[in-house]
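Worksheet: the structure to be examined is printed underneath.
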Amino acid sequence: MKRITAMAVLLAIMSIFQLATIAAAETGGAMDLVGMLTSQLGVTEPQAAGGAGALFGMAKGALSESDYGQVAGALPGIEDLISQAPEISQKKSDMAGKIGGMAAGMGSLKGIADSVGGMALVTDQFAKLGLDEGMVSQFVPIILSYANSTGGDTVMNLLKSVWK
């Protein structure tokens, strides 16, 4: 009986260790990106994490579920970054919805309007982080480079299609 109990305890400890290792790997990936942003742009860690999270949140909303799943699978920790993005103000959210609604019947212009509306929300989030809207265009190439090195051309191009 003691042997079975000891084995059960050992298996439980191993399971906990595996989960902790997976969580650390996911956080490590996000922290690598945050480190790149802070060192290359001179922003703080909360600004880097929140800004990247705002952009990834835009991508999550714009990409199909399968495309976003591919991005999230290749870039561990982006859900954590998304959770660190500032809340979008209701006024900005309403404005982005109106832009998308006006363009709904315009065919190919809808994608452009959705992108413009999404970027308006991202710039609002950047402002809440103390970053001006020009910083968005500085974050994007660094994140795309990271996405390319971590997830390859496909993942980078999926993100690029949202942030164009």
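The values are calculated or read from the model by the stated rules, or taken from the named source; none is laboratory data. Bear in mind the structure is a predicted one, so any value in this text is a computation, not a measurement. Glycine also receives a Cβ, built like all others from the backbone with ideal geometry; neighbour counts cover every protein chain displayed.
Picking from residues in region 28-49 that are part of a helix (DSSP H, G or I) and β-branched (Val, Ile, Thr), the one that is farthest from residue 158 (Cα to Cα) is 38.
Conditions (1) modelled with pLDDT of 95 or more; (2) touching a helix residue (DSSP H, G or I) at 6+ places or on another chain (Cβ under 9 Å); (3) assigned to a helix (DSSP H, G or I), marked per residue:
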| residue | (1), (2), (3) |
| --- | --- |
| 100 | no, yes, yes |
| 106 | no, yes, no |
| 113 | no, yes, yes |
| 118 | no, yes, yes |
| 159 | yes, yes, yes |
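Number of residues in region 38-58 that are in contact (Cβ under 8 Å) with a residue 12 or more places away in the chain and β-branched (Val, Ile, Thr) equals 1. Test residue 52 against the criterion of being hydrophobic (A, V, I, L, M, F, W, C), in a helix (DSSP H, G or I) and at pLDDT 95 or above, and give yes or no. So residue 52 passes the test.
Among the candidates 49, 54, 72, 62, the residue that is under 10 Å from the mean Cα position of the chain (by Cα) and under 13 Å from residue 118 (Cα atoms) is uniquely 54.
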